[in-house]
Amino acid sequence: MLHGRLLNYLDEVARSGSVRKTAERLNVSASAISRQIAALEEALDTQLFDRSRRRLTLTAAGEILIGHVRETLKGMNRAEAMMEDLKGLRRGVVTIALMSGLAANLLPRAVGRFQRANPGVSVRMMLMTTGDDIRNAVRAGEADMGLGFDFPADADISVLEIAIGRLGLAVAPDHPLARSTSVRLSECVGYPVAGADPTTAIRPHIEQVFSRANLQMSFAVEANSIEMMRHLAMSEGYLTFLTPFDIAFESRMGRLVYVPVREFQSDTQQLMLIGGRRNITAIASVFVENIRTVMREMAD
């Protein structure tokens, strides 16, 4: 009853909450997806999606089914990878869950190297808002690996690599503080600051340092998007607090400058690559090695 195409339809609609977005992503007609889901609901004599709101959400029955669907899809991917290995080919999909800021900086270098050597393998990036979301995706097997900052110890998670970074000042090259070899927090007072909001991993570090320095933390803009903070620093003259990992590309292109902040010198962040306790595919292990290499290069 549940053939492979329908499994993908169900999974994508459950993730996006939209038949239209699923149709665009999978390059099929929205009506075809709707017909197949409706036919399945009729065959099961139960409603899988709540259509009373603009965004489709799973019903209780849908939640039960989607767990089966995703386990089946993961099993199919593992089986396909094993069969390709038997043929001596490297094909399949590697999935990584990570923050958007890392997707724009660290990951392109790792992906480029990996796919030049393994052109038959697709890399799927799952952009997450919080570290908990990343861990949950890895724990559930939805992602082969996760990349983020300061993950807590977890019995279901294995740490594959750690690189150390320090929060500092990120400013445009023409900012008055850009030529400083280092600055104190007090020197930042008076400039507009684009800061991380309370949902981000770096916010607690910033709050602690401001508190120890007996300074009032005041942000002109708060955001949970590193991309937004980078953009405000590059084009609008704001200063922001980020790690070298967050601005690696912009630094290479001469668009942002990293300036150490003295009060942050004793505070480090751990950039962590994590995986589940279960064995990952051989090709995912190759991708892990590419990410490890880039992490070590950026930490040097």
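As a rough guide to protection, the peptides 34-40, 160-166, 95-101 ranked by mean Cβ packing within 10 Å, highest first, stand as 95-101, 160-166, 34-40. Residues whose amide H comes within less than 5 Å of that of Arg166, counting only those at least five positions distant or on another chain, are Gln269 (H built at 1.01 Å from N in the peptide plane). Once backbone amide H atoms are built at 1.01 Å from N, Thr57 has Asp50 as its partners under 5 Å, excluding neighbours fewer than 5 places away on the same chain. If R0 equals 30 Å, the separation of the Cβ atoms of Arg116 and Glu80 corresponds to a calculated FRET efficiency of about 0.85.
Along the charge dipole of region 149-201, which of Ala163, Ala194, Val183 sits closest to the positive end, that is, farthest toward it, with unit charges on the beta carbon of Lys, Arg, Asp and Glu (+1, +1, -1, -1)? Positive-end residue among those listed: Val183.
Listed by Cβ neighbour count within 10 Å, with the fewest neighbours leading, Asp174, Asp156 appear as Asp174, Asp156. Highest average first, the peptides 141-151, 107-117 ordered by how many other beta carbon atoms sit within 10 Å of their residues are 141-151, 107-117. When the charge dipole of the chain is built from unit charges on Cβ atoms (+1 for Lys and Arg, -1 for Asp and Glu) and taken about the Cα centre, the candidate among Asn214, Thr293, Asn136 whose Cα reaches farthest toward its positive end is Thr293.
Name the residue farthest towards the positive end of the dipole of region 1-89 from the options Tyr9, Ser29, Ala61, assuming +1 on Cβ of Lys and Arg, -1 on Cβ of Asp and Glu, about the Cα centre. Of Tyr9, Ser29, Ala61, it is Ser29. With θ taken as phi - 60° and the Karplus curve 6.51 cos²θ - 1.76 cosθ + 1.60 applied, the whole-hertz 3J(HN,Hα) list for region 143-151 is 10, 5, 7, x, 9, x, 10, 6, 5 Hz, x standing for glycine and proline. Taking amide H positions as modeled 1.01 Å from N, with prolines and chain starts lacking one, the residues under 5 Å from Met99 and 5 or more places away or on another chain are Met128, Leu147. Simple point charges give the picture: +1 on the Cβ of Lys and Arg, -1 on the Cβ of Asp and Glu, and for the chain a dipole about the Cα centre of about 660 debye. Across region 173-184, coupling constants 3J(HN,Hα) worked out from phi with the 6.51/-1.76/1.60 Karplus curve, θ = phi - 60°, read x, 8, 6, x, 8, 5, 8, 6, 6, 6, 9, 9 Hz, and Gly and Pro carry x.
Laboratory data are not the source of any read-out in this text; all were calculated from the coordinates shown. Everything numeric here is computed off the predicted structure, so don't read it as measured data. Positions of Cβ are backbone-derived with ideal geometry, glycine not excepted, and every protein chain shown enters the neighbour counts.
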